[in-house]
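Notes follow the structure.
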Amino acid sequence: MSAYRNVTFEELEIGASASAQRPLTQTEIEALVLVSGDVEPFHLEDGGRMPDELIAVDAVGVSAVISGLLERRLPGPGTRIVSTRLEYSGQVRVGEELTASVTVREKNADTGLVVFDCDARVGERRVVSGSVVVEAPRTRIAYSDIATPEIILRRNDVFTRLLRQCEPLEPVACAVAHPCDRDSLLGALEATRRGLIVPVLVGPPARIRTVAQANSADLSGIRIVATEHSHASAAAAAALARTGEVEMLMKGSLHTDELLGQIVAAQSGLRTERRVSHAFVMDVPAYDRILLVTDAAINIEPTLAEKADIVRNAIELAQVLGIPMPKVAILSAVETVNPNIRSTLDAAALCKMADRGQIEGGILDGPLAFDNAISEHAARTKSIRSVVAGHADILMVPNIESGNMLAKQLQYFAGADSAGVVLGARVPVVLTSRADNVRMRIGSTAVAKLMAHARRTVAPKAVT
């Protein structure tokens, strides 16, 4: 597998350049017109043809290609764009092949800033020219060469909001349990680069360093706690959380059960009065708000009491993420109570518990079918009058099977990104999947960081 490997400030030479060629697709053109706000009829060819003949009318699309060159090729990963001065001088139509290039013009050793000349053409016709100033990386970083997906329009861009919430907060000490493969190690290092965590790598030092060396990753200044195998890594990471040396945990290349087993063990000191549960924080392109799905990863067939804790955990997470009174939809196959369907009885009981103050901080309604939970139109069609129906912030699923299928359908059919985090323990736990991309891993870490900072003021009550 090829990789994007950066060129550090010291390695950059005047005159060094990179270029890329690509046709602009219809999906990209539509996305870029919406991003730029140029949706007036006169911005359509011949004053208002059908969308399949849209043309780009500004530099947004071309500058996105240039930004990709700078951030992925030269200098590459770790680059921060400081300023741009680009002049647009032409139109790019759907299907036309764009050739873009960036060339080092000058570099400043005192500031670490590098000026790139930028050029973009369709054939011999220049459409963009100008310069971009970047802060070049000082250390070597490499990412896998993942195929660029089709652009997805996102109404809410949840992960960008989460990262912005994290910006003013100091990094949180995080034990990374057994980061002995490429994705888990580089994910932790990227979270470090973004100021989300101060990592403590827990695992066999030789294996960790071998992975780092194979991926040109710099471990200078990073603490490594030596263990012999994955079980020991899970135990040592939990011990660091118990003693307060770290405020969050991150799963590396070990089985989920190994890490969770240490968290819920009586001797670990990480259990609280709450049931441990999992929540996906989802960015669903077609939905107008952040969406939590719980529990899709830990509790197999939860009892009513366990469901109450799962809801409480999710409500607290939603509040940390900026939703002061989250709307909780208790899902089932139908929206009426049916004695033959246990999940409808549990939903009714949970709602009554909320009415009596046993579950606080959110607005509960259920049973609700999935369509009435997220579609106001579907709720109206079925004459459901509810402040939750059609506007749910949290989807509480009946069991792990339905939750897991729902979350993965949202990911693979609806293009959703998801951040996974374990709730109910004394510290938040970043729980990622091997299939998660970098965006999802960083999103999960951002969620855990926000939780860790919130718990500095209100710590969960431990089980003694």
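Scanning the stretch 386-416 for residues that are in a loop (DSSP other than H, G, I, E, B) and either among the charged types (D, E, K, R) or not assigned by TED's automatic domain parsing to the domain that holds ILE315 (or both) yields a single hit, ASP393. Once the stretch 150-180 is narrowed to residues that are in a loop (DSSP other than H, G, I, E, B), among the hydrophobic types (A, V, I, L, M, F, W, C) and at pLDDT 85 or above, the residue that is farthest from HIS229 (Cα to Cα) is LEU169. Of ASP183, ASP218, all but one fail to be assigned to a helix (DSSP H, G or I) and more than 19 Å from GLU247 (Cα to Cα); the exception is ASP183.
Within the stretch 404-435, the residues that satisfy the criterion of being touching a residue at least 12 places away in the same chain (Cβ under 8 Å) and among the small types (Gly, Ala, Ser) are ALA407, ALA414, GLY415, ALA416, SER418, ALA419, GLY420, GLY424, ALA425, SER433. Any residue that is part of a loop (DSSP other than H, G, I, E, B) and more than 30 Å from ALA234 (Cα to Cα) - is there at least one of those in the stretch 277-284? Yes, the stretch 277-284 contains a residue that is part of a loop (DSSP other than H, G, I, E, B) and more than 30 Å from ALA234 (Cα to Cα). Any residue at all in the stretch 349-365 that's assigned to a strand (DSSP E or B), assigned by TED's automatic domain parsing to the domain that holds GLU401 and either of a type in the set (A, V, I, L, M) or more than 11 Å from MET396 (Cα to Cα) (or both)? Scanning the stretch 349-365, I find at least one residue that is assigned to a strand (DSSP E or B), assigned by TED's automatic domain parsing to the domain that holds GLU401 and either of a type in the set (A, V, I, L, M) or more than 11 Å from MET396 (Cα to Cα) (or both), so the answer is yes. A Cβ distance below 7 Å, combined with a sequence gap of six or more or placement on separate chains, defines the contacts here; from the stretch 242-260, residues that are of a type in the set (S, T, N, Q) reach no residue that is buried (at least 23 other Cβ atoms within 10 Å of the Cβ) and part of a strand (DSSP E or B).
Conditions (1) β-branched (Val, Ile, Thr); (2) within 21 Å of LEU431 (Cβ to Cβ), marked per residue:
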residue	(1), (2)
LEU219	no, no
SER230	no, yes
ALA238	no, yes
GLY244	no, no
GLU247	no, yes
LYS251	no, yes
ILE263	yes, yes
GLN267	no, no
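Among the residues that make up the stretch 377-384, is at least one of them surrounded by 21 or more Cβ atoms within 10 Å (Cβ to Cβ) and at pLDDT below 95? For the stretch 377-384, residues surrounded by 21 or more Cβ atoms within 10 Å (Cβ to Cβ) and at pLDDT below 95: present. Any idea which of (1) in contact with a Cys (Cβ under 8 Å, 6 or more places away or on another chain); (2) in the same structural domain as ALA389 (by TED's automatic domain parsing) is the one MET282 doesn't satisfy? Failed condition: (1).
The set of residues from the stretch 245-270 being under 26 Å from the mean Cα position of the chain (by Cα) and not aliphatic (A, V, I, L, M) comprises GLU245, GLU247, LYS251, GLY252, SER253, HIS255, THR256, ASP257, GLU258, GLY261, GLN262. Across the stretch 223-257, the qualifying residues are those that are closer than 15 Å to ILE197 by Cα and touching a Pro at 6+ places or on another chain (Cβ under 6 Å), and the one among them that is surrounded by the most Cβ atoms within 10 Å (Cβ to Cβ) is GLY252. If you go through the stretch 417-455 and pick out every residue that is charged (D, E, K, R), part of a loop (DSSP other than H, G, I, E, B) and closer than 17 Å to LEU240 by Cβ, you end up with 2. Note on the stretch 266-307: residues that are small (Gly, Ala, Ser), modelled with pLDDT of 90 or more and either within 23 Å of ASP436 (Cβ to Cβ) or buried (at least 22 other Cβ atoms within 10 Å of the Cβ) (or both) amount to 4. What do you reckon, is ALA373 out of contact with any Cys (no Cβ under 9 Å at 6 or more places or on another chain), outside any loop (DSSP other than H, G, I, E, B) and surrounded by fewer than 23 Cβ atoms within 10 Å (Cβ to Cβ)? It is false that ALA373 is out of contact with any Cys (no Cβ under 9 Å at 6 or more places or on another chain), outside any loop (DSSP other than H, G, I, E, B) and surrounded by fewer than 23 Cβ atoms within 10 Å (Cβ to Cβ). Of all residues in the stretch 186-215, those satisfying the criterion of being crowded, with 21+ Cβ neighbours inside 10 Å, of a type in the set (A, V, I, L, M) and part of a strand (DSSP E or B) are ILE197, VAL200, LEU201, VAL202. Taking the stretch 106-120 as the range and being in a strand (DSSP E or B) and surrounded by 14 or more Cβ atoms within 10 Å (Cβ to Cβ) as the test, the residues that pass are LYS107, LEU113, VAL114, VAL115, PHE116, ASP117, CYS118, ASP119, ALA120. Scoring ASP257 on the criteria (1) acidic (Asp, Glu); (2) over 30 Å from GLY78 (Cα atoms); (3) modelled with pLDDT of 95 or more leaves a single failure, condition (3). In the set ILE263, ILE310, only one residue is in contact with a helix residue (DSSP H, G or I) (Cβ under 7 Å, 6 or more places away or on another chain), in a helix (DSSP H, G or I) and surrounded by 20 or more Cβ atoms within 10 Å (Cβ to Cβ); that residue is ILE263.
Yes or no: ASN340 assigned to a loop (DSSP other than H, G, I, E, B), among the polar types (S, T, N, Q) and touching a helix residue (DSSP H, G or I) at 6+ places or on another chain (Cβ under 7 Å)?
Considered against the rule, which asks whether it is assigned to a loop (DSSP other than H, G, I, E, B), among the polar types (S, T, N, Q) and touching a helix residue (DSSP H, G or I) at 6+ places or on another chain (Cβ under 7 Å), ASN340 comes out as no.
The values are calculated or read from the model by the stated rules, or taken from the named source; none is laboratory data. What you see is a predicted model; the values in this text were computed from it and never measured. Please note: Cβ atoms are built from the backbone with ideal geometry, for glycine as well, and neighbour counts cover all protein chains shown.
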